[in-house]
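Below is one structure, written out as structure tokens; comments come after it.
A short reminder: the numbers here are calculations on the coordinates, not readings from a lab. In this text, all values refer to a predicted model and were calculated from it rather than measured experimentally. Positions of Cβ are generated from backbone atoms using ideal geometry, with glycine treated the same way; all protein chains shown enter the neighbour counts.
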Amino acid sequence: MTVTVIRAGHRPYRDKRITTHVALVARAFGADSILVDSKDEKLETTIHNTVKNFGGNFSITTGVNWREHFRKFPGLRVYLTMYGIPLQVHWKQLLSELWKTGNMAVLVGAEKIPAEAYQISDFNIAVGNQPHSEVSALAVFLDKLLGEFEYRKSFIGHLNVIPSDRGKDVRIIPTSDEARKILHKYGATEHIIKHSEAVARLALKISELAGANSDIVLAGALLHDIGRTVTHSVSHGIKGAEILVRERIHPAVVNIAKHHVGAGISKEESISLGLGDRSLFPVTLEEKIVAHSDNLIDGFTKVPLSSVIDKFIKKGLKKSAERVKRLHFELSDICGKDIDTL
């Protein structure tokens, strides 16, 4: 399903702030894109920067013919206007139509919109038949419709707001440069850095084939061994996670460090190793990719699965060897090719 917001009547010299808010609301409440009739490069830059920092795949295009796009839109066409039928009257029918078509365009006006908009649209909807902001109307409309549709988007970007009842809690997905600065800050050796870079190169290849979040994979791969600046024992994953928490790193990256050792550590093994009463298995796709990439990189060189299995068996770690093998086949299946061939 896709949701497109169409902004008609935008005047860059006058409506810059309000149209920016229309675009931000569209993104935050579940739309996939916004089309704006007047060309506005500054507006495009503002929204592109928001997506870059806070994540998602939201897109903006300005300088489009709103009539043509609205008229030819291959799906449900809704015009938000204070003169329409109240949302509470039609929202169930809208949901039904949305299930059928899978696509919806929402027309939001700035200056006075020509009467033909009423004829082009499938539904003319009002969020209260009183004068108020089109920003609030769009927010209420998308929240009501997409909330009921259970079409909520999750955003993971460079900056990530963690809900908190006191103050601000923002965690980052570090860029490669930021990750390297953190490694240097904690005194990572050249061996740790080069090994992590080799893991990152392989992990990114797997990530591309598997459809994983490449930003999380890159950051996690570069930082997975930061705990080795404290200890080279089996606890280095946990120690690394503790460092990353102090550095305000996003939990998705923290958990890569915590869960990357081998192909995971069972609760029973964790207790016997003095790591606490918890299992340390990679859970997300990104965690699994980095954990297995680490297994396949010996020093700075990629080795075949058979070599990794032999190493674990020689150490008496048969259960770990089986887990590595299962993880290899799981990721190979997701990628559509044997990871040994990458």
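Taking a straight line from the alpha carbon of Lys185, these lysines sit under 29 Å away, with near neighbours fewer than eight places off in the same chain left out: Lys52, Lys168, Lys194, Lys205, Lys239, Lys258, Lys288, Lys302. Here the convex hull built on the C-alpha positions of segment 1-108 has a volume of 102 cubic angstrom per residue. With an a/c value of 1.5 or above and a/b larger than b/c for the gyration tensor axes a ≥ b ≥ c computed over the alpha-carbon atoms, segment 230-275 is described as prolate. Once you reduce segment 248-265 and segment 81-159 to the center of their Cα atoms, the two points are 41 Å from each other.
Over all pairs of different C-alpha atoms, segment 267-323 has a mean inverse distance whose reciprocal, the Kirkwood radius, equals 12.6 Å. For the chain, the longest principal axis of the Cα atoms and the long axis of helix 87-101 meet at an angle of about 60 degrees.
Among Val106, Val254, Val89, the largest mean-square fluctuation in a Gaussian network model of the chain, built with springs joining Cα atoms closer than 10 Å, belongs to Val89. With 10 Å bins beginning at zero, the pair-distance distribution over Cα atoms of the chain amounts to 5, 22, 23, 17, 16, 12, 4, 0 %.
Only helices enter the 222 nm calculation for the chain: every DSSP H run of n ≥ 4 contributes -39,500 (n - 2.57), and dividing by all residues gives -16500 deg cm²/dmol, rounded to 500. Going by neighbour counts of Cβ atoms within 10 Å, the residues Val135, Val108 line up, fewest first, as Val135, Val108. First check a/c for segment 15-77, with a ≥ b ≥ c the square roots of the eigenvalues of its C-alpha gyration tensor; if it is under 1.5, answer rounded, and if not, answer prolate when a/b is larger than b/c or oblate otherwise. Cα axes put segment 15-77 in the oblate bin.
Neighbour counting of Cβ atoms within 10 Å sorts the residues Ser235, Ser320, fewest neighbours leading, into Ser235, Ser320. Take the Kirkwood radius over Cα pairs of segment 171-341, plug it into Stokes-Einstein at 4 °C and 1.567 mPa s, and you get 83 µm²/s for translational diffusion.
Against the chain, whose longest principal axis is taken from its Cα atoms, helix 190-210 shows a tilt of about 50°. For segment 85-146, the alpha-carbon radius of gyration amounts to 1.11 times the rule-of-thumb value 2.2 N^0.38 Å expected for a compact globular protein. Give me a comma-separated list of calculated 3J(HN,Hα) values for segment 153-169, in order, Karplus coefficients 6.51, -1.76, 1.60 applied at θ = phi - 60°, integers in Hz, x for any Gly or Pro. Whole-Hz 3J(HN,Hα) from phi for segment 153-169: 8, 10, 10, 10, x, 5, 10, 9, 7, 9, x, 8, 8, 9, x, 10, 10. Once the Cα atoms are used to define both axes, helix 305-314 deviates from the longest principal axis of the chain by about 50 degrees. Around the amide H of Tyr186, modelled in the peptide plane, lies no amide H under 5 Å away from a residue 5 or more places distant or on another chain. Can you tell me the dipole magnitude for segment 12-84 around its Cα centre, using point charges on the Cβ only (Lys, Arg +1; Asp, Glu -1), in Debye to the nearest 20? Computed about the Cα centre, the dipole is about 100 debye. Comparing His224, Gly237, Thr284 along the charge dipole axis of segment 171-341, the residue lying farthest to the positive side is Gly237, per the Cβ-charge model.
When Asp165, Asp225, Asp338 are arranged by Cβ crowding within 10 Å, least crowded first, meaning fewest neighbours, the order is Asp165, Asp338, Asp225.
With just the Cα atoms defining each centre, how far is segment 185-227 from segment 5-65? Give it in Å. Answer, in whole Å: 34. Considering only the chain, what is the antiparallel percent among its DSSP beta bridges, to the nearest 5? Just about 20 percent of them are antiparallel.
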